[in-house]
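What follows is a single structure, written as structure tokens, with notes after it.
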Amino acid sequence: MSVSDEQELQDQQPTKKDFMADVKDGLSAKQKWISSMYFYDAEGSMLFDRICELTEYYPTRTELQILNEHMDDIAAVTGPQAMVIEPGSGSSLKTRRLLAALREPAAYVPVEISREHLLDAVQGLRQDFPALPILPVCADFTSEFDIPEPETAEKRRVVYFPGSTIGNFDPADAVDLLKIMKKKVGREGGLIIGVDLRKDRVTLEKAYNDRDGITALFNLNLLHRINRELGGNFDVSNFSHRAEWNDEESRIEMHLVSEIEQDVTIGGDTFHFDKGEYILSECSYKFTFRAFEELAGKAGWTVKQVWTDNREWFSVQYLE
Ligand code: AVI
């Protein structure tokens, strides 16, 4: 990363203090939980990239297939001279095809919590799209963040939110997030969003319990991260990864299960774990078309177009 990349970066990254407070709050709750947003340090982001390549993890592959097949339509609904805002942009892999298909894009604004990941992605994109203004923002996209002003003419704003990250929010939070997006793009703006669909339990549970144990490493990295950054003393070998489908809530839940009765100290506070007690570390909601339409409607969005695969495992939707 160069000095100029560093200087141009809008840095609104959550602080260590926020992380500490969130972890302590979550571990003090009756059902212990930690926001899945904290998975994504450099190690976690790297593990997530590996998950996306797993045979069992169908969402990335299926979404890419839909995007490839319908990219011309997606670029057409986005329109010319659009500013594309991507919350949680990660390595911006799915954005390249879109950026290449757009007519005279005004700017690309990747918004990403992991600073290193963001800077790496921006560096690669600048090489491949030298004429495109790229305005990175390092922030938690669920709280207020500012959109930099582009120097080029901007006709409209479109939020690009692939990957079904919307599924990682509880319904009320998902509605709030969709409202923030609406506010960012204004009345004329649009939203292109990846939405994972309900399917059979076996396929779902396999996707989050891969043979190679990469998802387990990803989940357990959260505890390593707390040790590294907050001076916690988790003995990670005393915890295990579990992922199971909760049919009533229509979500996959990831758990960090305490294998023994134990105490863990973080920042001067001690947290007790019974044997078998778990930390809820992620929910991944899966939607019917109807359920997503209703959710988005609560935030003022109307579904205009839906693209899907022939098994209807995943969808990319355009909303205004
Ligand atoms: C980022 N998000 C949409 C992923 C998901 O499928 O919920 C995160 C993930 N967790 C385990 N595997 C992938």
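The values are calculated or read from the model by the stated rules, or taken from the named source; none is laboratory data. This is a predicted model, so every value here is computed, not measured. Ideal geometry is used to build each Cβ from the backbone, glycine not excepted, and the neighbour counts take in all protein chains shown. Just so you know, the surface numbers come from the protein's heavy atoms only, side chains and all, with ligands and any DNA or RNA stripped out. Shrake-Rupley method; radii C 1.70, N 1.55, O 1.52, S 1.80 Å.
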Taking the criterion of being in contact (Cβ under 8 Å) with a residue 60 or more places away in the chain, of a type in the set (D, E, K, R), surrounded by fewer than 19 Cβ atoms within 10 Å (Cβ to Cβ) and farther than 21 Å from residue 143 by Cβ, would at least one residue in region 159-178 satisfy it? no
All positions within region 267-307 that are open to solvent by 40 Å² or more (accessible area, probe 1.4 Å), more than 30 Å from residue 223 (Cβ to Cβ) and assigned to a strand (DSSP E or B): 304, 305, 306
Take the conditions of a type in the set (Asp, Glu), buried (at least 18 other Cβ atoms within 10 Å of the Cβ) and modelled with pLDDT under 90 and apply them to residue 112. Does it pass? yes
Quick check, is residue 270 away from the ligand (no atom under 14 Å from the Cβ), farther than 19 Å from residue 40 by Cβ and of a type outside the set (Asp, Glu)? yes
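Quick grid of which residues meet (1) touching a Phe, Trp or Tyr at 6+ places or on another chain (Cβ under 9 Å); (2) away from the ligand (no atom under 16 Å from the Cβ); (3) aromatic (Phe, Trp, Tyr):
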residue	(1), (2), (3)
144	no, yes, no
168	yes, no, no
176	yes, yes, no
180	yes, yes, no
185	no, yes, no
195	yes, no, no
203	yes, no, no
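Quick test for you: out of 293, 277, 229, 261, pick the one residue that is more than 16 Å from the ligand (Cβ to nearest atom) and assigned by TED's automatic domain parsing to the domain that holds residue 192. Talk me through it step by step, then tell me what you get.
Values: 277 fails: assigned by TED's automatic domain parsing to the domain that holds residue 192; 229 fails: assigned by TED's automatic domain parsing to the domain that holds residue 192; 261 fails: assigned by TED's automatic domain parsing to the domain that holds residue 192.
None of the others qualify; the one that does is 293.
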Can you spot a residue in region 130-142 that is within 14 Å of the ligand (Cβ to nearest atom), surrounded by 20 or more Cβ atoms within 10 Å (Cβ to Cβ) and within 25 Å of residue 64 (Cα to Cα)? yes
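Okay, residues lined up against (1) free of Cβ contacts under 8 Å to residues at least 12 places away in the same chain; (2) away from the ligand (no atom under 14 Å from the Cβ); (3) of a type in the set (A, V, I, L, M, F, W, C); (4) part of a helix (DSSP H, G or I):
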| residue | (1), (2), (3), (4) |
| --- | --- |
| 38 | no, no, no, yes |
| 44 | no, no, no, yes |
| 56 | no, no, no, no |
| 73 | no, yes, no, yes |
| 99 | no, yes, yes, yes |
| 110 | no, yes, no, no |
| 125 | no, yes, yes, yes |
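Within 16 Å of the ligand (Cβ to nearest atom), part of a loop (DSSP other than H, G, I, E, B) and either under 28 Å from residue 114 (Cα atoms) or not β-branched (Val, Ile, Thr) (or both), is that true of residue 242?
Numbers: within 16 Å of the ligand (Cβ to nearest atom): yes; part of a loop (DSSP other than H, G, I, E, B): no; either under 28 Å from residue 114 (Cα atoms) or not β-branched (Val, Ile, Thr) (or both): yes.
It is false that residue 242 is within 16 Å of the ligand (Cβ to nearest atom), part of a loop (DSSP other than H, G, I, E, B) and either under 28 Å from residue 114 (Cα atoms) or not β-branched (Val, Ile, Thr) (or both).
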Search region 271-292 for residues that are basic (Lys, Arg) and pair each with any residue that is part of a helix (DSSP H, G or I) when their beta-carbon atoms are under 9 Å apart and the residues are at least 6 apart or on different chains. 286/167; 286/204
